[in-house]
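Each remark here refers to the structure printed beneath this line.
Derivation of every value follows stated rules applied to the coordinates shown; laboratory data play no part. All figures in this text were calculated on a predicted structure; none of them were measured in a lab.
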Amino acid sequence: MRYRPLHLVIPLLSLLVAQHNPAPARELDTALRFERDVRAAWHTARTTHRPLLLFITHDGCRYCRKMRNETFAHPGVINHVENTFVPATFDASQEPALAKRLKVRRYPTTVVLGPRGKVWGVVPGYVSATEFQTKLRAMTRPHLARSQ
């Protein structure tokens, strides 16, 4: 195996790191922090043994914005999600293969995955903050009760 001299590799790594400008983790129009790198969020969920909450949107989706601005801005939802889940979001137009694999048929869709990758539940479409909290508790209660 041939090794590259370090003096050639280090500048290349520095250039890659300098050019890597990830999107901010905080959405501009909500107080809930969403990780925009789904792979990083999945890694965090697995290592912390917390379920992954995936909020899946699509370009120009009016109800996606409504849910982000209303449901995910509600203090009760923020508290519940931040204390229970690893929240992440992605735009299905940017990640169509992942949306297809998760069988997303309408937007927005929220999918909750357990730390082992099993789908715990799906919330299709826009839902109010109260309804969203009820649905999240119902889908996670059986799984979280077992782990305690």
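Before moving on, here are some points about what is shown:
- Length added when fully stretched, residue 65-residue 79, from 0.36 nm per residue minus Cα-Cα: 3.1 nm
- Taking every DSSP bridge with both residues inside segment 27-147, close to 60 percent are antiparallel.
- Debye log10 I(q)/I(0) at q = 0.13, 0.21 Å⁻¹ for segment 27-147, Cα point scatterers: -0.44, -1.28
- Separation of segment 82-148 and segment 46-63, taken as the distance between their Cα centroids, equals 6 angstrom.
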